[in-house]
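Each remark here refers to the structure printed beneath this line.
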Amino acid sequence: MDEKFTQAVGRIVESDKRYHPDAYEFVSGAVSYTIKRMNREKNPRGSRHISGRELLDGTLAYAVEQFGPLAPEVLESWGVTDGPDIGNIVYNMIRVELLSASPEDSRSDFNSLPDIPGFLRRRFEEEARNIPVVKPPVIA
């Protein structure tokens, strides 16, 4: 990340110690990932808006892509356990002008995801159960 971002995150973390600085870098990456995923990266800068729900969905997908089965533990270690945590990080970033919001945006947009680590763990468990068991070859 660039120096402006690092300094802004430093100011945020001085006043709000709930989240590790890496959580801000991660959410910034999740925003970019979601904008690209929604095919809005070619839009002019002011028209790339994504909703809170879109960002939550993108954040989960980005976490899986970045950290795989370790995603729940990584996010928990940064203090990110639910949708409102993502919203708090986003609004902290808006406060220092790292992100912007539209008038219809609200912190409550992030309330629909109560347990991010639990959701991710269940997802990985379900994927593991659906993987066919391959028997090792028999060596004579």
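Annotations
- The chain: angle of helix 83-95 to the longest principal axis, Cα-based, in degrees nearest 10: 30
- Qualifying trypsin sites (Lys or Arg not before Pro) in segment 41-106, where qualification requires a DSSP coil assignment and no more than 16 other C-beta atoms within 10 Å, comprise K42.
- Where segment 1-81 is the region considered: accessible area per residue in Å², 1.4 Å probe: 56
- Per-residue 3J(HN,Hα) values for segment 19-29, derived from phi via the Karplus relation 6.51 cos²θ - 1.76 cosθ + 1.60 with θ = phi - 60°, read 10, 5, x, 5, 5, 5, 5, 4, 5, 4, x Hz in sequence order (x marks Gly and Pro).
- Rounded tilt (10° steps) of 116-130 against the dominant C-alpha axis of the chain: 30
- In Å, descending, principal axis extents of the Cα set of segment 69-114: 35, 22, 14
- Partner aspartates and glutamates for K17 [C-alpha distance under 16 Å; skip if fewer than 8 residues away on the same chain]: E25, E76, D85
- Cα-centred dipole magnitude for segment 44-126, charges only on beta-carbon of K, R (+1) and D, E (-1), debye, nearest 20: 220
- Accessible surface of the chain [probe 1.4 Å, protein heavy atoms]: carbon and sulfur percent: 54
- Helices in the chain, meaning DSSP H runs of at least 4 residues, each add -39500 (n - 2.57). Divided by all residues, the mean residue ellipticity at 222 nm is -18500 deg cm²/dmol.
- Here the chain is treated with +1 on each Lys and Arg Cβ and -1 on each Asp and Glu Cβ, and its dipole about the Cα centre works out to around 340 debye.
- Over the chain: Kirkwood hydrodynamic radius from C-alpha pairwise inverse distances, Å: 16.3
- Relative contact order of segment 1-135, defined on C-alpha pairs under 8 angstrom at six or more residues apart (%): 28
The values are calculated or read from the model by the stated rules, or taken from the named source; none is laboratory data. Being a predicted model, the structure only gives us computed values, none of them experimental. Using ideal geometry, Cβ is built from the backbone for each residue, glycine included, and neighbour counts are taken over all protein chains shown. The accessibility values were calculated without ligands, DNA or RNA, using every heavy atom of the protein model including side chains. Shrake-Rupley method; radii C 1.70, N 1.55, O 1.52, S 1.80 Å.
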